[in-house]
Amino acid sequence: MNYEYTSEGIRINKSEDFNAKQILECGQIFRYTVENDGFNIYSTNKTCRLICKKHHDIICTNNPKEFVHFFDLNRDYGEIKQSLMGYPNMKNIISHGSGIRILNQNPIEMIISFIISANNNIPRIQTIIEKLCFECGDQVNDYYAFPEIKVLNSKGELFYRAIGAGYRAKYLVNTVDALANGFSLDLQGMNISSARKHLMKLMGVGRKVADCILLFAYHRTEVFPTDTWIIKYYDDLFGATNISVTKKADILSEYYGKLSGYAQQYIFYYMRSGYKFINKN
DNA sequence: CACCAGGTCTCTC
DNA sequence: GAGAGACATGGT
């Protein structure tokens, strides 16, 4: 990715491989706001302002190095997209969201966020997380940080219900307690199935949520998070069958290999934009 | 009213 | 290990 540090911030020259709107709207991040000239983006207790100009974007932040990693700027997405083009229908799908990148986010924030995401819709997920930060997070200038796990662990099920988590409140209480008491988040050296199994010990973390955590916090791109949108895609591509969602996820991740996570994001964005998938080779 | 949204848990066989 | 139901909440 072509970028440089300037006095204004991280300057990103206009490129097919970076589109702020697509990066933020492809469902991987829940904490951002839309402004006239761009976006405000929040991750753990950090923030940046992404200003979109005609010929370039500027990332304004006090933590430039962290946000270079956050936006995955040192990876060649052109190469990734080139490889994916070889798959059926991917040309259309990728061209619709060609500026998507997979962010490198915080494991705890991803775990909590995606437990809330289960059987829920994106606007409501955002509202719940926003309330969580407002109620439990440290105030930093004009926003609230993602809460410390200790603070979250001081809250009970009633609190999580009050912010709208519904029946997931119990899962949150249970998982936050595990995280506050030394549950390991170090997945280094673990193969994908061990890493997934480990995360799934947390209450509220099933196959799909585990795969989101692996992809968005650990950049394990060999997973293919399979939700209701992806199932629609799968059924169109391979034909609707009675096999389980888990099995479909296995087949998809086998099919796309190490590019699964990237493929999944392009497809998710495409499907959710209201495009009907048409299976034509 | 039913169905859906980035599913998971529990119970049963 | 696979297959039903239940589950909070808000939108269409």
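So in the stretch A:247-258, with the set limited to residues that are more than 17 Å from A:K197 (Cα to Cα) and buried (at least 20 other Cβ atoms within 10 Å of the Cβ), which one is farthest from DNA strand B (Cβ to nearest atom)? Result: A:Y256.
Can we say A:G239 is exposed (fewer than 14 other Cβ atoms within 10 Å of the Cβ), modelled with pLDDT under 95 and within 15 Å of DNA strand C (Cβ to nearest atom)? Lay out the reasoning, then the answer.
On the way: exposed (fewer than 14 other Cβ atoms within 10 Å of the Cβ): yes; modelled with pLDDT under 95: yes; within 15 Å of DNA strand C (Cβ to nearest atom): no.
In short, no.
Please find, within the stretch A:172-213, the residue that is nearest to the chain's Cα centre (by Cα) out of those that are more than 24 Å from A:E157 (Cβ to Cβ) and in contact (Cβ under 8 Å) with a residue 12 or more places away in the chain. First the steps, then the outcome.
To start, the set of residues in the stretch A:172-213 that are more than 24 Å from A:E157 (Cβ to Cβ) comprises A:184, A:186-198, A:207, A:211.
Filter again for in contact (Cβ under 8 Å) with a residue 12 or more places away in the chain, leaving A:184, A:187, A:192, A:195-196, A:198, A:207, A:211.
Values: A:S184: 21, A:L187: 18, A:I192: 18, A:A195: 18, A:R196: 16, A:H198: 19, A:R207: 15, A:D211: 10 Å.
Going through the qualifying residues, I end up with A:D211.
Scan the stretch A:123-141 for residues that are surrounded by fewer than 16 Cβ atoms within 10 Å (Cβ to Cβ) and under 20 Å from A:F70 (Cβ atoms) and jot them down. Once the filter is applied, which keeps residues that are surrounded by fewer than 16 Cβ atoms within 10 Å (Cβ to Cβ) and under 20 Å from A:F70 (Cβ atoms), the stretch A:123-141 yields A:D138, A:V140, A:N141. Within the group A:Y270, A:Y262, A:Y218, A:Y266, which residue is closer than 24 Å to A:S113 by Cα, open to solvent by 30 Å² or more (accessible area, probe 1.4 Å) and of a type in the set (F, W, Y)? That would be A:Y218, the only listed residue that is closer than 24 Å to A:S113 by Cα, open to solvent by 30 Å² or more (accessible area, probe 1.4 Å) and of a type in the set (F, W, Y).
On the basis of being assigned to a helix (DSSP H, G or I), hydrophobic (A, V, I, L, M, F, W, C), in contact with a Cys (Cβ under 6 Å, 6 or more places away or on another chain) and away from DNA strand C (no atom under 11 Å from the Cβ), does A:V173 make the cut? Quick ask: steps written out before the conclusion?
Details: assigned to a helix (DSSP H, G or I): yes; hydrophobic (A, V, I, L, M, F, W, C): yes; in contact with a Cys (Cβ under 6 Å, 6 or more places away or on another chain): no; away from DNA strand C (no atom under 11 Å from the Cβ): yes.
So A:V173 fails the test.
Restricting attention to the stretch A:149-208, the residues that are more than 16 Å from DNA strand B (Cβ to nearest atom), open to solvent by 40 Å² or more (accessible area, probe 1.4 Å) and under 28 Å from A:A249 (Cβ atoms) add up to 8.
Using the structure shown, decide if A:V209 is under 28 Å from A:D177 (Cβ atoms), within 16 Å of DNA strand C (Cβ to nearest atom) and at pLDDT 95 or above. When the stated conditions are applied, A:V209 passes them. For A:V209, the conditions (1) assigned by TED's automatic domain parsing to the domain that holds A:T127; (2) on the phi > 0 side of the Ramachandran plot all hold with the exception of (2). Restricted to helices (runs of 4 or more DSSP H) entirely inside the stretch A:1-115, those with at least 2 residues that are outside the structural domain of A:F134 (by TED's automatic domain parsing) and surrounded by fewer than 16 Cβ atoms within 10 Å (Cβ to Cβ) are A:64-70, A:77-84, A:90-96.
Across the stretch A:214-246, the qualifying residues are those that are assigned to a helix (DSSP H, G or I) and closer than 14 Å to A:S193 by Cα, and the one among them that is farthest from DNA strand B (Cβ to nearest atom) is A:L214.
The values are calculated or read from the model by the stated rules, or taken from the named source; none is laboratory data. Quick caveat, the model's predicted, so the values are computed rather than measured. For neighbour counting, all protein chains shown are included, and Cβ atoms are generated from backbone atoms with ideal geometry for every residue, glycine included. In case anyone asks, the SASA skips ligands and DNA or RNA and just uses the protein heavy atoms, side chains included. Shrake-Rupley method; radii C 1.70, N 1.55, O 1.52, S 1.80 Å.
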